[in-house]
Amino acid sequence: MSRHIPEHNQVTLNYYSLVQVLDDLAARLFHYFRTTVCLVIHGGAVMVLHKNLRCRQNTRDVDYIHRSFETEWKKRGVNDAGERLNTCIAATAAHFGLGLDWMNAHADVALPMAYDKYGRLYDPIYAEAMQPTNIMLNTVYESRGLRLVGVSWSWAVALKLVRYKKDDPEDIAAILKLGTQLKGLQWTRQIMEEWLLNMCSPMGYANYQQPQIDSTREKMRDAVKRAQALAWPSQPSSSQSLTASSVATVERPRTVHAEQSSGNQSLRHRTQSLSQHRPHSTSAISAASSAPSLAMPHAIRLMQPQLLTPHHTGNSQRTQVAMVPTQFSHLPPGFVPYYVATPPNVQPVQYHFPTSHRIRTPA
């Protein structure tokens, strides 16, 4: 007689028990797919698993994006990938006495979609998470059969800010504190708002009415206050430094406005110009990488770390410095256009990347 599996999971999973459960799921997935399956996750599991956070002791579920998982596998000619995944999740639940929703995609219905420049509907959260740099920095679990990649930090904050209940305030504070610890960034409500407007415009900020704008800003103020009061246990290791390989990674282009908007200007008005530009699709990555570089005559160095590891080109070797245009210096480092120069004789016009290239806050 088959064992009954409850619909809802009531078992709390700490880091070690969650890894044990994921190891079991990975083995089952490899049996069904014969390769490593990549899932994009968000929510509390990221806070438990991420090596630079682990600010939560436990979680009861792993939230993942199912809709785009199925779409990607259908492109490979596998039409039953969703059924295979659900079968493995259920089998793992039965093995450990968990509820069926220990891994779920319930939030998919509420996650925003967007249109690329060709008018095609796509998943902006999934597309951002699957960029090479994010995979490198935010992979929270990996073994034969399964890789879990957390959504980008901007999307993690944006999604939690909408609900802002239970553990959300502390989670956002931890993410902001990580940015301060790694980059020396002093968060304000204005900086946080500008960051989310530029990185997460598909959230529909342009449609916010004044009460919703006021409520969102109050949440931001609270998150910043919590982050400022949050103690950080240790300094990040040297392995968290940006590398030349991460600098060279091309990410999906996104329009960023150079004007610093007034703090009193509404979210709705400030995003009207953003909403006029549809985000590019992931298919535009290769085109962006081959596009001619755009000169940026004014720049500042990143606050930390300035020097990157040696980068080899042919038989030559040079140490690179990431440079940021001064008009973007008010934004969080790691989410602004940059180009690369060689110290000590910094010549920005000699080594510059397209504005679509970005450095991400290292994990």
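Computed from the coordinates by the stated procedures, all read-outs in this text should not be read as laboratory data. Predicted, not measured: the structure shown is a model, and the values here were computed from it. We place every Cβ from the backbone using ideal geometry, glycine too, and count neighbours over all the protein chains shown.
How large is the translational diffusion coefficient of segment 56-166 in µm² per second when you combine the Kirkwood radius over alpha carbon pairs with Stokes-Einstein at 4 °C and 1.567 mPa s?
Answer, rounded: 83 µm²/s.
Calculated FRET efficiency, ARG120 and ASN207, Cβ-Cβ r, R0 22 Å, to nearest 0.05?
Using R0 = 22 Å, I get an efficiency of 0.55.
What are the trypsin sites (Lys or Arg not before Pro) within segment 129-206 that DSSP puts in a loop, where the Cβ has at most 10 other Cβ atoms within 10 Å?
LYS165, LYS166
Would you kindly state how much longer the chain becomes between LYS51 and GLN228 on full extension, computed as 0.36 nm times their sequence separation minus their alpha carbon distance, in nm to one decimal?
Working it through step by step, the gained length comes to 61.6 nm.
Convert each backbone phi in segment 48-57 into a coupling constant with the Karplus relation 6.51 cos²θ - 1.76 cosθ + 1.60 (shift: θ = phi - 60°), then list the ³J(HN,Hα) values in order as whole Hz, x for Gly and Pro.
7, 8, 5, 5, 9, 10, 6, 8, 10, 6
Checking the a/c ratio against 1.5 first, then a/b against b/c, what shape does the Cα gyration tensor give for segment 135-180?
Taking the square roots of the gyration eigenvalues as a ≥ b ≥ c, segment 135-180 is prolate.
At a Cα cut-off below 19 Å, give the lysines reachable from LYS225, other chains included and same-chain residues fewer than 8 away excluded.
Cross-link targets: LYS160, LYS165, LYS166, LYS177, LYS183.
Hey, what did segment 133-210 get for relative contact order, percent, Cα under 8 Å, at least 6 apart?
Computed over segment 133-210, the figure is 23 percent.
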